[in-house]
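Q: Right, I'll just put the structure down here and ask away after.
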Amino acid sequence: MREALRKLKNLSHHNFDLLLRIGVVPVSDVRKQNLDVLVAKYQLSLDNFLASFAGGGLTPVDRLVKEDNGKQGYILIDEIQDDLPDLEGLSCRWEPLAAQRGVMLSLLIQSLSNDRHDAAKVYQEILAEITDKLDQDFSKC
């Protein structure tokens, strides 16, 4: 995994002149803070998905990598090289979304609760409220 991340960093620099900071944080280090990193894929309809992260662990992981500077061993430091990843067979089905009523809305929602059950309840309530307010059944999107 570390080698793949390094190669993607090289690709980013080579193709886009973008320098990425990459790092690896063990989930056990996140759990020591009574947090977790949970990932889910929510299917709105046949070909329409949302990514969902819960457990409160992403924010501290981001902070740990950004503040590491090589001291804790989270950040992967190496020189930019020409070693690029093999992306053979990788496909991207991304297509721009068209606004159906002239407006596009994106929401990033983060529960303040560190308890995953409380957070899940909050997210369910928010989605129900949005569904109600917009008078939209998202399962038919």
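The values are calculated or read from the model by the stated rules, or taken from the named source; none is laboratory data. Quick caveat: nothing in here was measured; it's all calculated off a predicted structure. Ligands, DNA and RNA are stripped out before the accessible areas are found, and what is left, the full protein with its side chains, is counted by its heavy atoms. Shrake-Rupley method; radii C 1.70, N 1.55, O 1.52, S 1.80 Å.
Q: Can you sort T59, T131 by 1.4 Å-probe accessible area, starting with the largest?
A: Ranking T59, T131 by accessible area, largest first, yields T59, T131.
Q: Accessible area per residue, 1.4 Å probe, Å², for the chain: what's the number?
A: Value returned for the chain: 81 Å² of accessible area per residue.
Q: Still on this structure, I have one more. Any idea what angle helix 58-68 forms with the longest principal axis of the chain, computed on alpha-carbon atoms, 0 to 90 degrees, nearest 10?
A: Long axis of 58-68 versus the principal axis of the chain: about 20 degrees.
Q: Take the alpha carbon atoms of the range 3-129, find their radius of gyration, then divide it by 2.2 N^0.38 Å using N residues; give the quotient.
A: Ratio of Rg to 2.2 N^0.38 Å for the range 3-129: 1.32.
Q: May I ask you to rank D36, D135, D83 by accessible area, largest first, using a 1.4 Å probe over the protein chains only?
A: These residues rank, largest area first, as D135, D83, D36.
Q: Using only Cα atoms and rounding to the nearest 10 degrees, what angle (0 to 90) does helix 2-16 make with the longest principal axis of the chain?
A: 80
Q: Based on alpha-carbon centroids, what's the gap between the range 95-124 and the range 1-72 in Å, whole number please?
A: For the range 95-124 versus the range 1-72, the Cα centre distance is 19 Å.
Q: Please give the length that would be gained between M1 and L84 if that part of the chain were fully extended, namely 0.36 nm times their separation in residues minus their C-alpha to C-alpha distance (nm, one decimal).
A: 28.5 nm
Q: Find the relative contact order for the range 1-66 and round it to a whole percent, using C-alpha pairs within less than 8 Å whose residues are 6+ positions apart.
A: 27
Q: Counting only protein heavy atoms and using a 1.4 Å probe, what share of the accessible area of the chain belongs to carbon plus sulfur, as a whole percent?
A: About 53 percent, which is the carbon plus sulfur part of the accessible surface.
Q: What order do I77, I130, I22 take when sorted by accessible area (1.4 Å probe), most exposed first?
A: Per-residue accessible area, sorted high to low, gives I77, I130, I22.
Q: Can you give the accessible area of K66 in Å² (nearest 10), computed on protein heavy atoms with a 1.4 Å probe?
A: Roughly 110 Å² of K66 is accessible to a 1.4 Å probe.
Q: In whole Å and largest first, what semi-axes does the C-alpha gyration tensor of the range 13-73 yield when each eigenvalue is scaled by 5 and square-rooted?
A: Value: 26, 21, 7 Å, ordered largest first.
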